[in-house]
Amino acid sequence: IIGGREVSPHSRPFMASIQDDGGHVCGGVLIHPEWVLTAAHCRFRFAKRQSAKVVLGAHSLSKNEASKQILEIKKFIPFSRFRSDLESNDVMLVKLHTAAKLNEYVQLLHPRSKNDIRAGTKCQVTGWGATDPEVLTPSDTLQEVTVTVISRKLCNSRSYHNHNPIITKDMICAGDAKGQKDSCQGDSGGPLVCKGAFYALVSGGRKCGDAKKPGVYILLSQKYEAWIKSKLHPSHGN
Ligand code: 4AZ
């Protein structure tokens, strides 16, 4: 998170840090005691997929916090039509081996499916990603910043041209006119919360903290909601 601030410890109890032996790799959101929602491209960032773990209840990644639950992963389920080349459908479910114990430090956040968000809406993005665009190492403590939704038209315009693959209706751009507030490496898979509702996931962007290269987020639209439901509750049809 660029240009943000440290959140009050445990005030975002739905946040997951997805880690491998080398430490934090991606953010995620606990949407059910056994399921974390994250970005599909995170799958390629694990040095060893077998050693990947989900850490819940954390504030500082380095400290031995009694609130932490470190859980093994049973499987990764990327969205069926995830395309890493187009950076589209960058959504993945992570099934935990054992259910998280919900308490003061570990709670669920349910996605609110929405098919668009108006440009100008202010949203919060939260994560342990890099705080310096020049030093792409994770932050020890959980950070958050407010960013503003930018229209797709502007985001796809030549002067913003951010993204080789275009910003489709499944994606939104959000940033800051001065470019000083943004998500960054390691924030991928974390939540974008607008007016208190969890609407989107951090997907990526070309750089961090550049005014004309805003962050790209995956909008949790109905198609993802239906897919999540079919994986979480396979007996209810589908
Ligand atoms: C990343 O690599 C990443 N500035 C996340 C967010 C942004 C860029 C890169 C947006 O995880």
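General remarks:
- Per the Kirkwood formula applied to alpha carbons, segment 79-129 shows a radius of gyration over Rh ratio, Rg over Rh, of 1.02.
- Less than 5 angstrom separates the built amide H of ALA200 from those of LEU192, LEU220, all sequence-distant by 5 or more or on a different chain.
- The chain: most fluctuating residue of PHE44, PHE79, PHE198 per GNM, C-alpha cutoff 10 Å: PHE44
- Computed over the chain, the per-residue total of -39500 (n - 2.57) for DSSP H runs of n ≥ 4 gives a 222 nm mean residue ellipticity of -1500 deg cm²/dmol, rounded to 500.
- For segment 101-151, the spread of Cα coordinates along the three principal axes comes to 37, 33, 13 Å, biggest extent given first.
- Partner aspartates and glutamates for LYS178 [C-alpha distance under 19 Å; skip if fewer than 8 residues away on the same chain]: ASP132, GLU134, GLU144, ASP210
- Cross-link partners of LYS231 among lysines (Cα-Cα below 21 Å; sequence separation of 8 or more within a chain): LYS53, LYS74, LYS75, LYS95, LYS101, LYS114, LYS223
- Cα gyration tensor category, rounded, prolate or oblate, for segment 124-180 with a/c compared to 1.5: prolate
- Ranked by the mean number of other Cβ atoms within 10 Å of their residues, highest first, the peptides 102-108, 173-179, 114-120 fall in the order 173-179, 102-108, 114-120.
- Residues ASP170, ASP140, sorted so that the one with the fewest Cβ neighbours within 10 Å comes first: ASP140, ASP170
- With neighbours defined as other Cβ atoms within 10 Å of a residue's Cβ, the residues TRP35, TRP128 order from fewest to most as TRP35, TRP128.
- Vicinal HN-Hα couplings computed from phi for segment 34-44 (Karplus, 6.51 cos²θ - 1.76 cosθ + 1.60; Hz; Gly/Pro x): 10, 9, 10, 9, 8, 8, 5, 5, 4, 4, 7
Values quoted throughout were computed directly from the atomic coordinates according to the rules given, and no laboratory measurement underlies them. The shown structure was predicted, so the numbers you read here are calculated from the model rather than taken from an experiment. Please note: Cβ atoms are built from the backbone with ideal geometry, for glycine as well, and neighbour counts cover all protein chains shown.
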